[in-house]
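The values are calculated or read from the model by the stated rules, or taken from the named source; none is laboratory data. Only a predicted model underlies this, so the values are computations on that prediction, with no experimental measurement involved. Using ideal geometry, Cβ is built from the backbone for each residue, glycine included, and neighbour counts are taken over all protein chains shown. Calculation scope for accessible area: heavy atoms of the full protein, side chains included, ligands and nucleic acids excluded. Shrake-Rupley method; radii C 1.70, N 1.55, O 1.52, S 1.80 Å.
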Amino acid sequence: MDYEEGDRIKVEKAGVEYEGIAMPSTTGHIVVKMISGYNAGIKPDDATVTIVQKKADMEDSAKVVSKAEFKPRKGLPKVSILSTGGTIASKIDYRTGAVTSQFSADDILQAIPELTKIANFSGKAIYNILSENMKADYWQELARAVVEEIKNGADGIIVAHGTDTMMYSAAALSFMIDTPVPIVFVGSQRSADRPSSDNAVNAICAAKVAVSDIAEVTVVMHSETSDEKCSIHRATKVRKMHTSRRDAFRSINSEPIGYVDYSTGKIITDLSYVKRNEKELALMDSLEPKCALVKFTPGSSPDILGYFIDAGYKGIVVEGTGLGHVSTDWVPQIERATSQKIPVIVTSQCLNGRICDRVYDTGRDILKAGAIEGEDMLPEVALVKMMWTLGQIQDYDDAVDILKQDIRCEINERSLE
């Protein structure tokens with residue numbers, strides 16, 4: 001039987017039935033997007049295909065499905081959801097099989113109606129990109145949008161963001177904004193159409209934090225593979241540590257600020273934090289985009305650093321080994337950078353623990369060359385801090401002083417272990 005892409009079909013082969021949306025195929029197989037969200041590829045030999053519903057009929061019926069209207073509830077706080085794209089802002093359109101952006105306040109509330117008991121929501125798409133396409137001017141645009149929403153009376157902000165670079169964006173906004181209200185980044189490892197999706201739990205927990213007293217930039221994501229609770233990570237201490245698990249995000253060199261119990265909605269905090277209205281709203285959104293993060297590997301040429309110096313980069317973060325080391329032949333290039341007023345921060349590929357370049361001779365040489373010890377900063381946070389600092393301060397010595405200071409809890413005074 002002839003069918004078209006987008007038709008709902010049933011395929012029977014060898015006593016097994018597959019039902020779903022007919023998808024494009026480049027292999028000659030019959031490809032079906034099933035209700036689970038997974039694709040099945042079936043060889044057409046001896047397969048029987050039945051059309052359950054034509055694409056055109058599904059489109060017609062979709063047009064008459066009315067959305068629920070969500071009217072504001074008296075007494076609830078106002079939360080603005082700003083979307084940048086990513087899995088949490090998308091879903092599968094089963095009429096076409098395509099992943100589409102699904103972003104308006106009503107779309108979200110219809111998908112996750114539990115949110116209506118927490119706050120009154122408004123939604124705005126700032127941009128719709130895959131998070132690997134994020135860059136400095138997007139961070140600036142997002143920071144300005146967040147500040148505008150707070151000025152307009154939002155009691156909390158939720159930023160829906162792709163997970164791959166969420167830690168960079170969260171750190172950037174942490175440096176750029178003094179906030180009197182919570183700013184919560186949230187994402188999803190698995191799309192809304194999948195039974196194992198984490199989007200609803202993450203969004204509900206994020207909303208709880210957005211109306212809480214935690215007036216910092218945080219990342220709220222699953223704490224475990226189960227749906228029991230979400231962690232509240234400080235923006236400058238969080239890292240994505242797994243490609244696909246629902247509990248991919250971890251606080252590094254720190255405990256999370258706390259947790260949200262999904263079943264009760266209760267927030268339990270373990271660390272001190274900036275409280276609501278302790279700070280006045282301020283935007284410091286100047287950034288220097290020409291900063292680089294360079295990973296040292298055994299045998300790598302010091303010409304790598306030389307490239308960034310000669311290309312006019314304004315700051316360099318080096319991911320060294322162990323306590324913060326690079327090979328001896330990299331030291332002259334570090335000295336060359338600092339002599340040209342290009343700050344160099346040395347961090348560790350180990351992630352856990354802190355830099356100490358006073359233990360071995362190479363470390364001492366690195367310090368003599370003018371490098372800054374990154375303490376227990378994550379390499380990507382050091383990069384964002386470098387971009388922000390050089391955007392604010394033009395004088396080299398003043399910039400170095402700021403880079404050594406703890407601005408947003410990115411540096412712990414002492415290590416946990």
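Evaluate the charge dipole of the chain about its Cα centre and quote only its size in Debye, nearest 20, assuming +1 on the Cβ of each Lys and Arg and -1 on the Cβ of each Asp and Glu.
760 debye
What net charge do the residues around ILE157 carry, taking every other residue with its C-beta under 11 Å from that of ILE157, with Lys and Arg at +1 and Asp and Glu at -1? Don't skip to the answer; put the middle values down first.
Values: positive: LYS78, LYS124; negative: GLU148, GLU149, ASP155.
It works out to a net charge of -1.
Using a Gaussian network model on the chain with a 10 Å cutoff between Cα atoms, which of ASP247, ASP376, ASP270 fluctuates the most?
Result: ASP270 has the largest fluctuation of those listed.
Give me the tail of P(r) for the range 320-379 as a percent: Cα-Cα pairs with distance above 17 Å.
Details: 522 of 1770 pairs.
Tail fraction, whole percent: 29.
Using the Karplus curve 6.51 cos²θ - 1.76 cosθ + 1.60 with θ = phi - 60°, what ³J(HN,Hα) values do you get for each residue of the range 164-177, in whole Hz, with x for Gly and Pro?
Karplus-based 3J(HN,Hα) across the range 164-177 equals 4, 10, 4, 5, 5, 5, 5, 4, 4, 5, 4, 6, 7, 10 Hz.
Considering the options LEU403, VAL317, GLN392, tell which one lies farthest towards the positive end of the dipole of the range 279-417, charges being +1 on Lys and Arg and -1 on Asp and Glu at the Cβ, about the Cα centre.
Positive-end residue among those listed: VAL317.
Beyond 22 Å, what percent of the Cα pairs of the range 336-415 remain?
Values: 641 of 3160 pairs.
Beyond 22 Å sits 20 percent of the P(r) for the range 336-415.
Counting only helical runs of four or more DSSP H residues, what would the 222 nm mean residue ellipticity of the chain come to if each run contributes -39,500 (n - 2.57) and the total is spread over all its residues? Each step should come with its number before you reach the end.
Working: 10 runs with 103 residues, N = 417.
The helix-only estimate for the chain comes to -7500 deg cm²/dmol at 222 nm.
Just list whichever of LYS55/LYS240; LYS71/LYS135; LYS135/LYS237 have alpha carbons separated by over 27 Å in the model shown. Could you put the intermediate results ahead of the total?
On the way: LYS55/LYS240 39 Å; LYS71/LYS135 36 Å; LYS135/LYS237 20 Å.
Pairs exceeding the cut-off: LYS55/LYS240; LYS71/LYS135.
Once the cut-off is 16 Å, how many percent of the Cα-Cα pairs in the range 127-256 end up in the long-distance tail?
Summing the P(r) of the range 127-256 above 16 Å gives 59 percent of all pairs.
Can you send over the carbon and sulfur percentage of the accessible area for the chain, probe radius 1.4 Å, protein chains only?
Values: 9120 of 19140 Å².
Using a 1.4 Å probe with all protein chains present, the chain comes out at 48 percent carbon and sulfur.
What FRET efficiency comes out for the pair ASP398/ALA282, r = Cβ-Cβ distance, R0 = 25 Å, nearest 0.05?
0.85
Could you work out Rg/(2.2 N^0.38 Å) for the chain, with Rg from alpha carbons only?
On the way: Rg = 24.7 Å, N = 417, 2.2 N^0.38 = 21.8 Å.
Against the empirical 2.2 N^0.38 Å value, I get 1.13 for the chain.
When DSSP assigns beta bridges and you keep just the ones with both residues in the chain, what percent turn out antiparallel, to the nearest 5? Display every interim value, and only then the final one.
Working: 42 of 72 bridges.
Rounded to the nearest five, the antiparallel share is 60 percent.
For LYS368, which aspartates and glutamates qualify as cross-link partners when the Cα separation must be under 13 Å and same-chain residues fewer than eight apart are set aside?
Here the aspartates and glutamates satisfying the reach criterion relative to LYS368 are GLU335, ASP357.
Kindly point out, ordered by number, any Cys in the chain whose beta-carbon has no other cysteine beta-carbon under 4.7 Å away.
CYS291, CYS350, CYS356, CYS409
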